[in-house]
Amino acid sequence: MIEQKTYQDEESDDLLDVIKKKYQNAYRCVEKIGQFIDRKYEYQLSKEELLYLTIHIERVINRTQG
């Protein structure tokens, strides 16, 4: 993020779509995190970063509820 470098993988687009539908609450949280990072650091999260964060936030949500 500091170096403004991102990794792009076209295959993750389909996976991100599936994850967005399956984990809607976690993805909404990630969208807010992305907006914050964009405002504060002028950096837009890549689709891969959105995917990674969504999965891990969903895991945290499940741990706190279970």
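The values are calculated or read from the model by the stated rules, or taken from the named source; none is laboratory data. Please read all numbers here as calculations on a predicted model, not as lab measurements. All Cβ positions, even for glycine, are placed from backbone atoms using ideal geometry, and neighbour counts span all protein chains on display.
Descriptive notes on the structure:
- For the stretch 1-17, the set of residues classified as surrounded by 11 or more Cβ atoms within 10 Å (Cβ to Cβ) and at pLDDT 85 or above consists of Leu15, Leu16, Asp17, listed by residue number.
- Boolean, Glu48 is at pLDDT below 95 and either of a type in the set (A, V, I, L, M, F, W, C) or surrounded by 11 or more Cβ atoms within 10 Å (Cβ to Cβ) (or both): yes
- Contact annotation: residue pairs with Cβ atoms under 6 Å, 6 or more positions apart or on different chains, pairing a residue in the stretch 20-41 that is closer than 15 Å to Tyr52 by Cβ with a partner that is part of a loop (DSSP other than H, G, I, E, B), are Gly34/Leu45; Ile37/Tyr43.
So that you can scan it fast, the table gives a plain yes or no per residue for (1) within 9 Å of the chain's Cα centre (by Cα); (2) of a type in the set (Val, Ile, Thr); (3) part of a loop (DSSP other than H, G, I, E, B):
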residue: Leu15; (1), (2), (3): no, no, no
residue: Val18; (1), (2), (3): no, yes, no
residue: Tyr43; (1), (2), (3): no, no, yes
residue: Leu50; (1), (2), (3): yes, no, no
residue: Val60; (1), (2), (3): no, yes, no
